[in-house]
Amino acid sequence: MESITDLAQKIAQEKHPRKVDKVIQYGTAGFRTRAENLDHVMYRMGLLAVLRSKERKATIGVMITASHNPEEDNGVKLIDPHGEMLEASWEVHATHIANVPDDGLAESLRTLIQKENIDMSVEGYIYVAKDTRPSSSSLSQAVMDGVSALKTNAKDYGLLTTPQLHYMVTCKNTEGSYGTDTEEGYYQKLSSAFKLLHKNVSWTKYSPVTVVDAANGVGAVKLKEMQKYIGETLKITVYNDGSSGKLNLQCGADYVKVQQKGPIGCNADAGVKLVSFDGDADRIVFYFFDKDGKFHLLDGDKIATLVAGYLTNLVTQSGLKLKLGLVQTAYANGSSTKYIRQQLKIPVACVPTGVKHLHHKALEYDVGVYFEANGHGTVVFSDDAMNQVKKAASDESRPESERKGARNLSTVIDVINQTVGDAISDLLLVEIVLCVRDWSLEDWDKAYTDLPNRQLKVKVKDRTVIKTSDAERKADSPPGLQEAVDSLVEKYPSGRSFVRPSGTEDVVRVYAEAETQADADMLGYEVSVKVYELAGGVGDKPSPPAK
Ligand code: 16G
Ligand code: MG
């Protein structure tokens, strides 16, 4: 009799053959490449999700998206039981299963089953969702084929934002204690808490009007849905909503952050609150134009400081002794780190790029706020902190002011999608803080002034020659590179620069900041040249900044 793994291989050969030889890696955010090369990878990730599900004895999520990448790309990532990124040791399994030749698939599956000691009689369960890319439908079908090849059931949610799927997986695996694993459950939980906090607050400078560039992605559909639940409390206008423009093309959070300008179709009056999501709505940035038409960006760093400041106040008010900490990456603007240390007086940690590193570190605090400068982030509360907050909220022996602080904290927790950064949830959270503080975006922006900065890419033969340490702030190889960067940095007041291989693109990334934009541009350029010379640059040499 044919074994189930042989059968899975047969289906692979017949319906989802591997047509490309190029090895593909499970990177920072799963597999990501041209959609036409992904069919076999998707089928195999369906298989792998089942094995992971049986091994964990829990529901596993499979999200089909390539986030802020162009429409021609697609990708897939697996979501672990508590809504977190797939464990690193399984990333290795994923890479292996994705690349093995068709006729070796059954054998590889058997080896994995043995190695991880997977009990194949355990019933697995898979949640699948996709973004709005044209390629997502057929790729999602390939995932479903993989799941059913191993005789396992899946729930296909169709279109969801990435953070919504993380949320669903967590709801399911906590048997509903985190929330209800339906879209309605998600909108209900977040919007009710939001409306409660927004109620009874009066303002003069805050404006409950927000204009959102949804990057022509899935966030548009879901935000419009959320608006129905929020009603009048916040008036959201969505553009770049997929009705005409192309996904992520000249729009979205990544474009706005990197280009430091508004997206296509953006023509707002001075002071209007503007927002961009990325293609799968797990990143958000805010911005506005001042009276002189100057663009002001409020990125992940600014969001982190806003949120951390607010939560610190609530914790203090509640009288609870909770340890709050903030987690950033090397991309965090130097001014933000200084502000957090000197003004907010909150402990701040720096970790390597990628959500899993930030999330993991944030879990070390009772209340861990984490944000990447690019706008991905959230807040996580330890189980103990959540229990303390709940208890304090109804503890009659506490003064009313403390109980009020705890009650507000408890409600804020419900606005937050703790499983992963979530543009919709973050939007609501920021709106609450701005409303309570009665701040316009100008007020928020005044907290500190970003040091001018520049991000550049350098093409090299093999980007893995760059090895970093100290949360990517030091390049240990190739020899001489760090010394070269150090001596360039020294020339510029408030200069800082680092280089790291991208985890999602075949390039080396260069970051530079300095007191003036011209200095940041020049420092970035000079460092790029060093990377080109010392790390095997290919193609054209980096060109100097335009004067
Ligand atoms: C991925 C990461 C994001 C990171 C980015 C860096 C996840 C879910 N996403 O999008 O956190 O900022 O990669 O890209 O981890 P890079 O390595 O190409 O600079
Ligand atoms: Mg994204």
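Pairs linking a residue in region 28-43 that is in contact (Cβ under 8 Å) with a residue 40 or more places away in the chain and on the phi > 0 side of the Ramachandran plot to a residue that is open to solvent by less than 20 Å² (accessible area, probe 1.4 Å) and within 13 Å of ligand 1 (Cβ to nearest atom), with Cβ atoms under 6 Å and 6 or more positions apart or on different chains, are Gly30/Gly75; Gly30/Val76; Gly30/Lys77.
Please go through region 134-152 and pick out each residue that is over 18 Å from Ala12 (Cα atoms), of a type in the set (S, T, N, Q) and not in a helix (DSSP H, G or I). Of everything in region 134-152, just one residue is over 18 Å from Ala12 (Cα atoms), of a type in the set (S, T, N, Q) and not in a helix (DSSP H, G or I), namely Ser135. Counting only helices (runs of 4 or more DSSP H) that sit completely within region 399-509, those holding 3 or more residues that are in contact (Cβ under 8 Å) with a residue 60 or more places away in the chain, closer than 23 Å to Trp203 by Cβ and of a type in the set (A, V, I, L, M, F, W, C) correspond to 400-415, 423-437. If you go through region 247-303 and keep only what is within 23 Å of Ile64 (Cα to Cα), among the polar types (S, T, N, Q) and within 16 Å of ligand 1 (Cβ to nearest atom), you end up with Asn248, Ser276. Hey, does region 78-87 have a residue that's assigned to a strand (DSSP E or B), open to solvent by 20 Å² or more (accessible area, probe 1.4 Å) and within 16 Å of ligand 2 (Cβ to nearest atom)? Yes, the conditions are met somewhere in region 78-87. Among Leu322, Leu247, Leu326, which is the only one that is outside any helix (DSSP H, G or I), within 23 Å of Gly421 (Cβ to Cβ) and within 16 Å of ligand 2 (Cβ to nearest atom)? When all the criteria are applied, what remains is Leu247. Condition check for Glu123 on (1) within 24 Å of Val23 (Cα to Cα); (2) open to solvent by 30 Å² or more (accessible area, probe 1.4 Å): one failure, at (1).
Count of region 258-289 residues, restricted to those that are farther than 17 Å from Lys235 by Cα, within 16 Å of ligand 2 (Cβ to nearest atom) and either touching a His at 6+ places or on another chain (Cβ under 6 Å) or not aliphatic (A, V, I, L, M) (or both), is 6.
Taking region 160-218 as the range and being over 24 Å from Val76 (Cβ atoms) and within 16 Å of ligand 2 (Cβ to nearest atom) as the test, the residues that pass are Val212, Asp213.
Within region 335-359, being open to solvent by 40 Å² or more (accessible area, probe 1.4 Å), free of Cβ contacts under 8 Å to residues at least 60 places away in the same chain and within 13 Å of ligand 1 (Cβ to nearest atom) holds for one residue alone: His357.
The values are calculated or read from the model by the stated rules, or taken from the named source; none is laboratory data. As the structure is a prediction and not an experimental result, all values here were calculated from the model. Positions of Cβ are generated from backbone atoms using ideal geometry, with glycine treated the same way; all protein chains shown enter the neighbour counts. Side chains included, ligands, DNA and RNA excluded: accessible areas come from the protein's heavy atoms. Shrake-Rupley method; radii C 1.70, N 1.55, O 1.52, S 1.80 Å.
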